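Read through the structure below, which is laid out as structure tokens, and then see the notes.
The values are calculated or read from the model by the stated rules, or taken from the named source; none is laboratory data. These figures come from a predicted structure and were not determined experimentally. Methodologically, a virtual Cβ is constructed for each residue, glycine included, from the backbone with ideal geometry; neighbour enumeration extends over all protein chains shown. The protein model used for the area step is the full one, side chains on, heavy atoms only, and it has no ligands, DNA or RNA in it. Shrake-Rupley method; radii C 1.70, N 1.55, O 1.52, S 1.80 Å.
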Amino acid sequence: MARHVVVGDLRVQQIEWKDGRRSWTIVWPEGMVHGEADRFLRLHDGSGTQRTYAYLLVDHLRWMERECLAFAAVQLRDLERYMGIVGAEVRMPLGEPWRVGKRPYGRSALSTAAACLKGFYLYQSSLGINGELGKKLDKSRLPSRVDRRRSFLGHVKSSLPTNPLAPKGPHRRHPKMLPDGARERLLETVNAARDRLVVTWLADGGLRIGELCGLHLVDLHLRENAACGECRAPHLHVCHRPGNPNRAEAKTKHPWRIEHGIVTGGLIKRVSPAMVHTYFEYVTTEYPRGAGHGMLLVQLHGADTRQPWAPVGARRMLGRAGKRAGLGLVKPHAFRHSFTSAVLDAADGNLLIARDAGGWASAAMVDEVYGHVNVHDPVFDAALRTVWGETK
């Protein structure tokens, strides 16, 4: 029997698993799973990409319902029109407005939406649905000189995948850096040793807020020649743990393990003397005794005292501190961009050092990564010490 569907009925559903994992799918109003969307999203299970794709895809599927378009009939021009409706520059009639009252996607969101749509319809094509559209999306291009230099075995590459839905034009550099002197002004404003640790570790470590709030005490090897044997200098291990009680989750998924109480693997990041100092100040003055969860950052006040501190709490603390310091709204990721920019300048433009010092990685970069800097390299060491304000 035909079912009457009201545009906008589709919604994203978060799923909580017993082991603490979360995943996302798309469902109809009565709770029935949208089969095509669910099968595609399952390909990205266990990653932050799944959540992002779910929210981008649900908007597209709602638009498809309004336009009465079936997956087997949609054409490349329809997808280009949809990209134009959400903010891309296209030269064609767009039809009725969509997302009325909402801002158009920015450049980054448009790129992600293009990747999501391409992946979704290529997957449909692999199932035998609309193979003609799949052929038009599955395009490639000749590699440029930059592509050959950045890619693994780039000298033998004859083609690279391209996306006809992706926004055109050069990428804009990320502008969201911290104002000059922001670190010092924030440190003067915050009161708790925990909050001084957060400011210092974000500034000197280039950590994502999920990585910082997801750290466990066993991840910290803050003395030289730690038992893990993977780095002689003080360092920490960023480990992807999807079951953290505060739902803080590292983006990178490097293999790691604990053996005899010692963490090995993960993303290894050097730490500055200032980071070590703020750590010992925090654990000796504010860290609660008997905290069974073993996580680094804890809630200091309120009903959830002693419980792991969630990223939203750290974000709010930085936002309040930034306003008190006259800096406006301070966001954690601004520390990361400022850190990477400073390392890049200190390393005379060495992109490998800047990439590895900040732990930059994404699915789109996997093919481009062709080596890692030695964390004991003198140039790597000098670049970090310059950023940390040390002199040898």
| field | P(r) histogram, all alpha-carbon pairs of region 52-143 included - 5 Å bins from 0, percent | value | 2, 13, 24, 26, 21, 9, 3, 1, 0
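Just subtract the alpha-carbon distance of Phe71 and Leu217 from 0.36 nm times their residue separation and send over the number in nm, one decimal.
So the chain would gain 47.6 nm between Phe71 and Leu217.
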| query | Can you flag which of Lys136/Lys331; Lys139/Lys269; Lys269/Lys331; Lys135/Lys176; Lys18/Lys135 are past 30 Å Cα-Cα? | reply | Lys136/Lys331; Lys139/Lys269; Lys135/Lys176; Lys18/Lys135
| Residues whose placed amide H lies under 5 Å from that of Val298, excluding near-sequence neighbours | Trp309
| Applying the Karplus parametrisation 6.51 cos²θ - 1.76 cosθ + 1.60 with θ = phi - 60° to the phi angles of region 211-221, what ³J(HN,Hα) value in whole Hz is obtained for each residue in order, glycine and proline being reported as x? | 5, 5, 6, x, 6, 9, 4, 6, 7, 9, 10
| query | Using θ = phi - 60° and the Karplus form 6.51 cos²θ - 1.76 cosθ + 1.60, what ³J(HN,Hα) does each residue of region 231-237 get, whole Hz, x for Gly and Pro? | reply | 7, 6, 7, x, 7, 9, 10
| query | How much accessible area does Arg306 have with a 1.4 Å probe, in Å² rounded to the nearest 10? | reply | 100
| request: Return the sequence-ordered ³J(HN,Hα) values of region 324-341 in whole Hz as given by the Karplus equation 6.51 cos²θ - 1.76 cosθ + 1.60 applied to θ = phi - 60°, using x for Gly and Pro. | output: 5, 7, x, 9, x, 6, 9, 10, x, 5, 4, 4, 5, 5, 5, 4, 5, 4
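Show me the three semi-axes of the equivalent ellipsoid for region 222-292, from the C-alpha gyration tensor (sqrt of 5 times each eigenvalue), largest first, rounded to whole Å. Display every interim value, and only then the final one.
Values: eigenvalues 80, 69, 31 Å².
Equivalent ellipsoid semi-axes, largest first: 20, 19, 12 Å.
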| note | At the level of C-alpha centres, the distance separating region 206-249 and region 268-303, in angstrom, is 12
| Of the listed peptides 97-104, 243-250, 176-183, what is their order by residue-averaged count of other C-beta atoms within 10 Å, with the highest listed first? | 243-250, 176-183, 97-104
| query | What is the set of long-range amide H partners of Asp9 at a cut-off below 5 Å, with H atoms built 1.01 Å from backbone N? | reply | none
| request: Report in % the part of the accessible area of region 1-138 that belongs to carbon and sulfur, leaving out ligands and nucleic acids; probe 1.4 Å. | output: 52
| request: Take the Cα radius of gyration of region 1-82 and divide it by 2.2 N^0.38 Å, with N its residue count; two decimals is plenty. | output: 1.16
| request: Using a 10 Å cut-off on Cβ atoms, rank the peptides 201-212, 279-290 from the highest mean neighbour count down. | output: 201-212, 279-290
